[in-house]
Amino acid sequence: MTKTLTFKNSELSVVGNFLGTLSLKNKASRGRTKLIKLISTKNDEYNEERKDALEPFIKKNEAGNNVEGDTPGSVVLIEEKRDEANAAIKEIDEESAVIDFTEYSEKMKSLYDVIVDYPTEFSDTDAVIYDLLMDQLESAFENETEETK
């Protein structure tokens, strides 16, 4: 049976970063590492989609190159098309990123088992990210439990 987690594209990096902060051992740590790699791959796809979606809205100089913004790696958008660009980006941000972890199911189950009762308290943003991650893991592994009954 296929096992998946589903996040919004805009949630990928925060979930990956959160996982990196957890203190885990053995199989749970290996599960985390596999999940971070899967998230990273999806996040790369997401960033490429954002870049492609923004291309028609980027201001070009006389040589046809992108006009760079004030911060490194940023670009300047055509002012008249800024709302259209923001709408395109928002749409991509809200799209679902489905992560198939079937081949790592045993390691993910170990990760789930350890973080379900994680000994550290989470607050603010970390608490929200933990809840988001646990909703997905619970969904994946509770369905498994119900199917074996």
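What follows is calculated from the coordinates using simple rules that are stated; it is not laboratory data. In this text the structure is predicted, and so the values were computed from the model without any measurement. Cβ: placed from backbone, ideal geometry, glycine included. Neighbour counts: every protein chain shown.
Here are the numbers for the structure shown:
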quantity	calculated
Pairwise FRET efficiency - Val75 versus Ser13, Cβ, R0 = 22 Å, nearest 0.05	0.65
Hz values of 3J(HN,Hα) by residue in the range 43-54 - Karplus curve (6.51, -1.76, 1.60), Gly and Pro given as x	5, 4, 4, 4, 5, 5, 4, 4, 4, 5, 5, 7
Nonlocal amide H pairs with Thr4, under 5 Å, H built at 1.01 Å	Phe101
Dimensionless Rg ratio for the chain, taking C-alpha atoms and the 2.2 N^0.38 Å reference	1.29
GNM top mover of Ile78, Ile36, Ile99 - the chain, alpha-carbon springs below 10 Å	Ile78
Pairwise Lys count, the range 32-149 - Cα closer than 18 Å, eight or more residues apart or different chains	15
Ala127 paired with Asp113, simple spin-label distance in nm, labels 7 Å along Cα-to-beta-carbon	2.9
0 to 90° range, to nearest 10: angle between helix 12-21 axis and the chain longest Cα axis	50
Choice from Ser139, Ser29, Ser74 showing the highest fluctuation, given a GNM over the chain with Cα pairs closer than 10 Å	Ser74
